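Step one of this worksheet: look at the structure below.
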Amino acid sequence: MLPLGGQTVTFVSIAEGTKDPWGIAAPVPTDVPVRGCRFRPLSGTEKVGLTDVATDIWRLTAPPVAVVMNAKVNDQIKYSGPETDGLVVTFEIDGGTNTFPDADGQPFKVTVLCKRQQKQIA
């Protein structure tokens, strides 16, 4: 399998942990790094009002490994690279995953849409 890019991202799957006495389950994150990815910004919007909200949409193209193919909406992706000035930035999976088959019907890549929102009260 050829790498789709030279970036590494970390998938953070959020599972339900033990429930407290009120029946609320604590979130349990599990981090899994995935190499050979291409992660890039697609678009950005900003709404200005009582609260300033900036939203960035990014697309991830990743190899078809289990953690990527089983990713769910609201799971997270952590990334650090030149586009983020070397800072670790957390994105929420927003659009689910799309798996692409090769000529033999075997998956060869998966794309994932993610978003990052920053809010600031004016």
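Quick notes
- Strands (runs of 3 or more DSSP E) contained in the range 48-122 and holding at least 2 residues in contact (Cβ under 8 Å) with a residue 60 or more places away in the chain: 51-62, 76-79, 107-121
- Residue match in the range 28-43 (condition: out of contact with any Leu (no Cβ under 9 Å at 6 or more places or on another chain) and free of Cβ contacts under 8 Å to residues at least 12 places away in the same chain): no
- In this structure, residue 54 does not satisfy being surrounded by fewer than 15 Cβ atoms within 10 Å (Cβ to Cβ), at pLDDT 90 or above and at negative phi.
- Within the range 109-122, the set of residues being out of contact with any Leu (no Cβ under 7 Å at 6 or more places or on another chain), over 15 Å from residue 42 (Cβ atoms) and buried (at least 16 other Cβ atoms within 10 Å of the Cβ) comprises just one member, 110.
- Selected residue (only one of 104, 85, 94 is among the acidic types (Asp, Glu) and at pLDDT below 85): 85
- Among (1) exposed (fewer than 11 other Cβ atoms within 10 Å of the Cβ); (2) in contact (Cβ under 8 Å) with a residue 24 or more places away in the chain; (3) over 26 Å from residue 108 (Cβ atoms), the one test that residue 6 misses: (3)
The values are calculated or read from the model by the stated rules, or taken from the named source; none is laboratory data. Everything numeric here is computed off the predicted structure, so don't read it as measured data. Note: ideal-geometry Cβ built from the backbone for every residue, glycine included; neighbour counts use all protein chains shown.
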